[in-house]
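This report refers to the structure that appears directly beneath it.
The values are calculated or read from the model by the stated rules, or taken from the named source; none is laboratory data. Since the model is a prediction, treat every value here as computed from it, not as a measurement. Please note: Cβ atoms are built from the backbone with ideal geometry, for glycine as well, and neighbour counts cover all protein chains shown. Surface areas here come from the heavy atoms of the whole protein model, side chains and all, with no ligands, DNA or RNA. Shrake-Rupley method; radii C 1.70, N 1.55, O 1.52, S 1.80 Å.
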Amino acid sequence: QVQLVESGGGSVQAGGSLRLSCAASGSILSINVMAWYRQAPGKQRELVAVISSGNNTNYADSAKDRFNISRVNAKNTVYLQMNSLKPEDTAVYYCNAGLIVKPSWRKLEVWGQGTLVIVSS
């Protein structure tokens, strides 16, 4: 069984920073893409940032120049450093990973349970 566990959410004032972490555990052979999504109240879930196993990254326009995604492959962990936070960044942030499990070598897409970020003005 594979699971993703997020941490680091919380409440912060506009202009502040937060760092989210997501650790994958279980019978993992390899992890390909890891990503952060978010879902604000009444809105659809949207991609925030994505990072490949080779550390290529891509960001939503709303996250460029403010957020930074990184990963430590040896720890099966992905991070999202969020700076200059705005009230519109308020959302539940979800970790997502595309991985291969052992011993079946089956591909799986796994989601974390989400962590709440609240940015007050």
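The set of residues in the stretch 7-55 being more than 26 Å from Lys86 (Cβ to Cβ), over 12 Å from the mean Cα position of the chain (by Cα) and not hydroxyl-bearing (Ser, Thr, Tyr) consists of Gly26, Ile28, Leu29, Ile31, Asn32, Gly54, Asn55. For the stretch 51-67, the set of residues classified as open to solvent by 50 Å² or more (accessible area, probe 1.4 Å) and among the β-branched types (Val, Ile, Thr) consists of Thr57 only.
Looking at the stretch 70-120, the strands (runs of 3 or more DSSP E) lying wholly inside it that each contain 1 or more residues that are open to solvent by 30 Å² or more (accessible area, probe 1.4 Å) and over 14 Å from Val50 (Cα atoms) sit at 91-101, 107-111, 115-120.
Got at least one residue in the stretch 22-34 being at pLDDT 95 or above, open to solvent by less than 30 Å² (accessible area, probe 1.4 Å) and closer than 18 Å to Ser62 by Cα? No: the stretch 22-34 contains no residue that is at pLDDT 95 or above, open to solvent by less than 30 Å² (accessible area, probe 1.4 Å) and closer than 18 Å to Ser62 by Cα. Residues that are without any contact (Cβ under 8 Å) to a residue 12 or more places away in the chain and within 20 Å of Val110 (Cα to Cα) are absent from the stretch 7-28 altogether. Do we find that Gln44 is over 16 Å from Gly112 (Cβ atoms), open to solvent by 40 Å² or more (accessible area, probe 1.4 Å) and in a loop (DSSP other than H, G, I, E, B) in this structure? Spelling it out, Gln44 is indeed over 16 Å from Gly112 (Cβ atoms), open to solvent by 40 Å² or more (accessible area, probe 1.4 Å) and in a loop (DSSP other than H, G, I, E, B).
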